[in-house]
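**Q** Take a look at this one; I'll ask things after.
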Amino acid sequence: MQATLASQTAVDTIDAAASVSRPGRKAEEMQEILREEINGAVFQYPSLCEDLPIDQAHLTATMERLAESPVLRRDGHWSIDCTDFESAENHSMHQAWADLLDVIMRAAFRGSRFRTGPQPIVALRETRVLYDHDDDTDTSPDIAQGHTNTDGRYHWGTLEFFAECKARPDQLGEALMQIARYSRAMFTHQVYRRFIYSLALCGTKATFVRVGRSGIIHSTPIDVKVDPEQFIRAAASVFGLDDGQFGYDTRFYYWPPLAAEDDGRRDSCGSRRGYGGHAAMQSGPDEGDTLRKLEGRPGICRCHWNEYLNDTKIKDRSLLAPSRYQYLFMNMSEKHKQQMLEASTSMDSKNARSIKGQKSYKKAQLKLLEVPEDRVHSLILMDEGARLWRIKRFRHLMVVLRDALVVGYASMAMSDQVHRDISEGNILCQAPGSKDWWEGGMPASVDHDGSDIVDGIPSDAFVSYDFDEVTLEDESEIKEASTLKEYVEGRYPSGKSIGRLYDMEFSVAEDRPETDVRTNAERTGTVAFMSSQLLSREPARHTFMHDLESFLWVLVWLVAVRAREYNQYNANLLREELCSPKHSFKQLFIVDMKTCRSQMATVLDPADMEWMYAWAVIRRFAQFLHRNLYGQEDATPYEDVIKPQLEPLFTTTKVSCEEKWGLIRTLIGIFDETIAKLQSSSH
């Protein structure tokens with residue numbers, strides 16, 4: 001894959017990875033992250049395998065072929081040797097499961113573009129899977145399927161299937177947690193995966209699992225010793241799915257195409273992840289619809305085209321229920337965990353459908369999610385742009401953040417929308433010298449990857465990413481702008497900006513019904529940039545002020561990225577604190593100027609006069625949040641203090657458009673004043 005990329009693109013992935021680098025997570029830390037990200041979205045669905053879009057003719061033919069296998073059929077009856085499954089978990093157990101699954105997979109497999117041929121299902125014997133990110137270093141499923149490199153090693157970028165083994169059926173919860181971590185690694189490395197099928201193999205009981213980007217669904221366990229035919233049919237149904245049904249987004253493809261006879265060589269290039277993942281995946285309006293509402297607004301990426309494809313619907317929603325292992329995937333007290341475990345145990349009993357049992361179960365759910373809404377999968381084509389880690393000059397960064405995070409976001413806030421995923425990765429900067437390829441409308445629908453068009457590797461000259469010498473136009477002061485419209489007309493007479501806000505996937509109406517807030521986890525976003533209040537309170541209504549706080553953490557993160565080499569250790573510690581799901585560090589950073597100052601002093605270079613301006617911006621931004629969101633006076637006076645509001649804007653306060661603009665205009669003033677000072681000093 002690396003050979004198909006422009007050389008500059010291949011090199012840039014290394015720099016991109018460095019911009020978000022930090023020490024890898026330990027197993028305990030990753031479980032904490034998974035609890036934050038999944039946040040209870042684990043459900044049991046008994047009809048998971050029966051609901052698969054099965055080709056009945058193909059399944060019938062597969063079962064006929066499997067009936068001829070001496071491994072699965074004895075004396076005219078389906079039978080599976082469970083000797084190794086009933087012993088302690090060891091390599092023999094893993095190998096027995098791998099051999100069984102491999103037999104079923106080869107009989108059911110149908111080759112296509114992503115899976116051109118049946119790759120063997122093997123027991124990894126604790127061999128670590130190769131990775132692109134330090135969080136995935138110490139990970140290895142018990143059973144795996146996929147392409148290997150020349151050394152026979154697997155990589156998360158090319159893995160197709162995996163399974164996890166445990167000795168006892170009561171270890172299913174542990175198996176699900178490990179499957180969640182492996183799935184996270186696979187989603188990280190395979191952007192074209194919509195969902196992943198896996199198996200939790202606990203003793204003689206097999207549980208089918210589908211992990212999506214919105215949560216986990218698992219079947220009821222199947223005892224392969226008691227009902228081998230049910231397991232064989234279910235496994236054949238999964239392995240007989242085509243690429244799209246198996247979880248690949250077939251609108252993407254490899255170029256050059258994968259050969260049916262693979263030479264064993266696979267290169268995975270780049271860092272394909274965020275900083276801690278999304279804290280919760282939640283239904284909402286389609287991103288393309290949101291972008292169309294904001295069409296023509298400076299600081300908002302333009303949506304040129306979008307398409308709906310597939311969804312997460314299941315056939316019978318009445319059968320979908322919170323998993324008894326849901327408590328493992330959310331942060332809650334030991335008392336609440338025990339209540340839920342006792343209630344879920346009662347639901348598994350013969351009297352599970354009694355009114356009393358149902359009431360006790362619902363009462364014990366406490367902070368749990370309701371049955372998830374159906375999610376629609378869509379593809380959106382948006383403006384090209386560069387990531388902010390490329391920016392070298394602080395003035396350039398100020399202009400981009402002012403455009404995208406302040407002016408761009410103001411358009412959303414004035415439309416009563418909240419973004420809910422403001423992050424360093426969701427801001428684009430116009431590349432130097434780039435042209436508007438969409439000026440004449442939608443280009444012709446031509447596949448430029450066709451063999452009759454492309455003769456070689458794409459050219460590096462398509463767009464420049466050299467940010468060393470960026471020419472910034474001088475800006476004039478805008479003294480009067482009582483409305484957003486007046487400011488935009490004065491600042492952007494051409495209607496264009498170099499900074500843009502994008503990724504509206506989690507955008508919702510700010511004044512949505514209170515029931516939507518109370519019944520769904522509001523902690524959407526990337527942990528490193530989430531508001532301290534959202535990390536500490538649940539449920540809490542996500543307001544525009546929480547989005548504004550995320551802007552501060554983006555700025556702090558980028559200042560840490562630009563730290564000089566001798567300050568990199570301190571910069572990594574700062575980013576590690578930002579990535580923590582605990583709220584205490586961020587809250588102290590905002591409300592205590594001494595903490596704020598000491599943190600920034602460890603990463604800023606006093607000799608770098610331009611980047612030293614970052615401290616003043618961060619300080620004033622923190623003071624703004626201190627007064628207007630956290631409702632406290634700062635005991636430390638500064639010359640350029642911001643006049644406080646009379647009352648803090650807590651999450652329950654309804655704020656008018658005029659009040660919103662007044663607050664956002666204050667932040668614009670901080671950015672504009674800094675840009676003016678940097679502009680003057682450069683002259």
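**Q** Take LEU101 and tell me if it is surrounded by 14 or more Cβ atoms within 10 Å (Cβ to Cβ), in a loop (DSSP other than H, G, I, E, B), in contact with a strand residue (DSSP E or B) (Cβ under 8 Å, 6 or more places away or on another chain) and at pLDDT 90 or above.
**A** no
**Q** Right, something else. Specify the residue that is farthest from PHE394 (Cα to Cα); the eligible residues are those in segment 574-596 that are surrounded by fewer than 16 Cβ atoms within 10 Å (Cβ to Cβ) and either out of contact with any helix residue (DSSP H, G or I) (no Cβ under 9 Å at 6 or more places or on another chain) or of a type in the set (Lys, Arg) (or both).
**A** Top of the filtered list is LYS582.
**Q** Hey, VAL211 hits all of (1) within 22 Å of PHE506 (Cβ to Cβ); (2) surrounded by fewer than 18 Cβ atoms within 10 Å (Cβ to Cβ); (3) at pLDDT 90 or above but one; which does it fall short on?
**A** Here VAL211 clears every test but (2).
Yes/no per residue for (1) surrounded by fewer than 22 Cβ atoms within 10 Å (Cβ to Cβ); (2) within 21 Å of SER92 (Cβ to Cβ); (3) in contact with a helix residue (DSSP H, G or I) (Cβ under 9 Å, 6 or more places away or on another chain):
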{"position": "VAL129", "(1), (2), (3)": "no, no, yes"}
{"position": "THR139", "(1), (2), (3)": "yes, no, yes"}
{"position": "ASP142", "(1), (2), (3)": "no, yes, yes"}
{"position": "ASP151", "(1), (2), (3)": "yes, no, no"}
{"position": "TRP156", "(1), (2), (3)": "no, no, yes"}
{"position": "ALA163", "(1), (2), (3)": "no, yes, yes"}
{"position": "ARG184", "(1), (2), (3)": "no, no, yes"}
{"position": "THR188", "(1), (2), (3)": "yes, no, yes"}
{"position": "ILE196", "(1), (2), (3)": "no, no, yes"}
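**Q** Kindly indicate whether LEU241 is part of a strand (DSSP E or B) and touching a residue at least 60 places away in the same chain (Cβ under 8 Å).
**A** No: the conditions fail for LEU241.
**Q** Can you pull out every residue in segment 318-333 that is at pLDDT below 85 and either within 15 Å of ASN39 (Cα to Cα) or not assigned by TED's automatic domain parsing to the domain that holds MET177 (or both)?
**A** MET330, ASN331, MET332, SER333, listed by residue number.
**Q** Within segment 76-96, is even one residue exposed (fewer than 15 other Cβ atoms within 10 Å of the Cβ) and within 16 Å of TYR197 (Cβ to Cβ)?
**A** No, segment 76-96 contains no residue that is exposed (fewer than 15 other Cβ atoms within 10 Å of the Cβ) and within 16 Å of TYR197 (Cβ to Cβ).
**Q** Right, here's the next one. Which ranges mark the strands (runs of 3 or more DSSP E) fully within segment 109-194 that have 1 or more residues being at pLDDT 85 or above and under 21 Å from PHE43 (Cβ atoms)?
**A** Hits in segment 109-194: 154-166.
**Q** Which of the residues spanning segment 602-624 are under 20 Å from ILE670 (Cα atoms) and either assigned to a helix (DSSP H, G or I) or of a type in the set (Ser, Thr, Tyr) (or both)?
**A** If the condition is that a residue be under 20 Å from ILE670 (Cα atoms) and either assigned to a helix (DSSP H, G or I) or of a type in the set (Ser, Thr, Tyr) (or both), then TYR613, ALA614, TRP615, ALA616, VAL617, ILE618, ARG619, ARG620, PHE621, ALA622, GLN623, PHE624 are the ones that fit.
**Q** Quickly run through segment 42-65 and pick out the residues that are within 10 Å of GLY240 (Cβ to Cβ) and of a type in the set (Ser, Thr, Tyr).
**A** Result: THR62, single match.
**Q** If you don't mind, there's one more thing I want to ask. Which members of segment 391-423 meet the condition of being surrounded by fewer than 24 Cβ atoms within 10 Å (Cβ to Cβ) and among the hydroxyl-bearing types (Ser, Thr, Tyr)?
**A** The answer is SER411, SER415, SER423.
Listed here are the residues, each with its yes/no results for (1) more than 24 Å from GLY662 (Cβ to Cβ); (2) not small (Gly, Ala, Ser).
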| site | (1), (2) |
| --- | --- |
| SER536 | yes, no |
| LEU558 | yes, yes |
| ARG562 | yes, yes |
| LEU573 | yes, yes |
| GLU577 | yes, yes |
| LYS594 | yes, yes |
| ARG619 | no, yes |
| GLN623 | no, yes |
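The values are calculated or read from the model by the stated rules, or taken from the named source; none is laboratory data. Small disclaimer: the values here were computed from a predicted structure and weren't measured. Note that each Cβ is placed from the backbone with ideal geometry, even for glycine, and that neighbours are counted across all protein chains shown.
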